[in-house]
Amino acid sequence: MSLLAIDIGNTRLKWALYDAPHPGAAILAHGAEFLEQIDALSEGAWARLPAPDRMLGCSVAADAVRRRVEAQLEELWDLPAQWVHASAAEAGLTNGYDHPARLGADRWVAMVGARQHALAHGPARPMVVVMVGTAVTVEAVDEEGRFLGGFILPGHGIMLRALESGTAGLHVPTGEVRAFPTNTSDALTSGGTYAIAGAIERMVQHVRAHCGAEPACIMTGGAGWKMAPHMSIAFELVDSLIFDGLLEIGRHRFGPS
Ligand SMILES: Nc1ncnc2c1ncn2[C@@H]1O[C@H](COP(=O)(O)OP(=O)(O)O)[C@@H](O)[C@H]1O
Ligand SMILES: CC(C)(COP(=O)(O)O)[C@@H](O)C(=O)NCCC(=O)O
Ligand SMILES: [K+]
């Protein structure tokens, strides 16, 4: 039973076709499209795929984007869409948000993936789960799998655009990350990168103090690689975290095939 997993963020749609709907499944094909280009999927990358048996996805984009994806799934394969929403509990995780359903579905699924990943590699320990995409999210999960809460901050692009549009003198090309930036480009690029790194380090401190144990820091997202060289704490970069989460949720929802 093959599974088409879809993750729609505010910048790009990422998809992956697996040969089974559970962790450990083999990946048959995958890709990513900017949201402006998703209408071309049914005539492009998806046209060449064998018909998937199931679809499971998460989306934080506008409803119109999700509907354009659903239309193509139906047109190509008559495949009903199943979207994961954050809930009070799923796949071993419990949700500490004031209103659990208001938590971004991508954040919830990434935490499921991170917990699955951590448990596959050793005993349960607290986690800090970081997603660096359009926005940046930094989540705290205790060793019991309780989501304690998380930060949302602007991603690299939004930080730069906010500074550009709010000032007269900050229209400059992208720079390098430096400890002591000596030009405007480097100052902006370094400021953004270290703002994100600082938030992550701060959440690690919060979790360490709250749980009395050293958290594992796990990072994902399209711009995760930009942060990797500039982190002062130990972390693991796992590009597939959301897909790993969708596979784990698929295992619970569809059962072993
Ligand atoms: N090939 C790429 N083209 C453009 N941006 C990229 C690319 N790879 C990574 N990025 C960075 O990743 C961010 C988008 O990451 P992504 O995880 O797709 O975001 P989202 O899930 O919010 O759609 C962009 O803001 C950009 O900084
Ligand atoms: C925080 C987000 C904007 C992140 O979006 P992304 O960077 O993945 O495109 C998204 O998870 C979202 O819209 N969340 C809903 C609000 C919340 O999680 O509290
Ligand atoms: K995302």
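Listed values, structure above:
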read-out: Any pair with Cβ under 9 angstrom, 6 or more apart, that starts in region 18-45 at a residue that is touching a residue at least 12 places away in the same chain (Cβ under 8 Å) and within 18 Å of Arg66 (Cα to Cα) and ends at one that is surrounded by fewer than 15 Cβ atoms within 10 Å (Cβ to Cβ) and of a type in the set (Asp, Glu); value: Ser42/Glu75
read-out: Residues of region 213-255 classified as in contact with a Pro (Cβ under 9 Å, 6 or more places away or on another chain) and surrounded by fewer than 17 Cβ atoms within 10 Å (Cβ to Cβ), total; value: 4
read-out: Flag if Gly57 is at pLDDT 95 or above, within 17 Å of Ser240 (Cα to Cα) and either away from ligand 3 (no atom under 16 Å from the Cβ) or surrounded by 21 or more Cβ atoms within 10 Å (Cβ to Cβ) (or both); value: yes
read-out: Sole residue being modelled with pLDDT of 95 or more and touching a Lys or Arg at 6+ places or on another chain (Cβ under 9 Å), chosen from Leu103, Leu35; value: Leu35
read-out: Verdict on Ala91 being within 30 Å of Gly191 (Cα to Cα), touching a residue at least 60 places away in the same chain (Cβ under 8 Å), surrounded by 14 or more Cβ atoms within 10 Å (Cβ to Cβ) and of a type in the set (Gly, Ala, Ser); value: no
read-out: Residues satisfying the stated conditions in region 105-138, i.e. under 29 Å from Thr193 (Cβ atoms), of a type outside the set (A, V, I, L, M, F, W, C) and either surrounded by fewer than 22 Cβ atoms within 10 Å (Cβ to Cβ) or in the same structural domain as Asn10 (by TED's automatic domain parsing) (or both); value: Gln116, His121, Arg125, Thr134
read-out: Any hit, region 148-169, residues being under 13 Å from the mean Cα position of the chain (by Cα) and either in a strand (DSSP E or B) or of a type in the set (A, V, I, L, M, F, W, C) (or both); value: yes
read-out: Failed condition for Leu13, given (1) assigned to a helix (DSSP H, G or I); (2) within 13 Å of ligand 2 (Cβ to nearest atom); value: (1)
read-out: Answer from Leu49, Leu35 - the residue that is over 21 Å from Gly113 (Cα atoms) and within 16 Å of ligand 1 (Cβ to nearest atom); value: Leu35
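For (1) under 20 Å from Val204 (Cβ atoms); (2) modelled with pLDDT of 95 or more; (3) in contact with a Cys (Cβ under 9 Å, 6 or more places away or on another chain); (4) more than 11 Å from ligand 2 (Cβ to nearest atom), each residue gets a yes or a no:
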{"site": "Tyr97", "(1), (2), (3), (4)": "no, yes, no, no"}
{"site": "Trp108", "(1), (2), (3), (4)": "no, yes, yes, no"}
{"site": "Met127", "(1), (2), (3), (4)": "yes, yes, yes, yes"}
{"site": "Met131", "(1), (2), (3), (4)": "yes, yes, no, no"}
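Each row is one residue, and each column tells you yes or no for (1) assigned to a helix (DSSP H, G or I); (2) under 19 Å from the mean Cα position of the chain (by Cα); (3) among the hydroxyl-bearing types (Ser, Thr, Tyr).
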{"position": "Ile38", "(1), (2), (3)": "yes, yes, no"}
{"position": "Trp46", "(1), (2), (3)": "yes, no, no"}
{"position": "Pro50", "(1), (2), (3)": "no, no, no"}
{"position": "Leu76", "(1), (2), (3)": "yes, no, no"}
{"position": "Leu79", "(1), (2), (3)": "no, no, no"}
{"position": "Thr94", "(1), (2), (3)": "no, yes, yes"}
{"position": "Arg107", "(1), (2), (3)": "yes, yes, no"}
{"position": "Met111", "(1), (2), (3)": "yes, yes, no"}
{"position": "Val138", "(1), (2), (3)": "no, yes, no"}
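The values are calculated or read from the model by the stated rules, or taken from the named source; none is laboratory data. Treat the numbers as computed from the prediction; the structure is a model and nothing was measured. We place every Cβ from the backbone using ideal geometry, glycine too, and count neighbours over all the protein chains shown.
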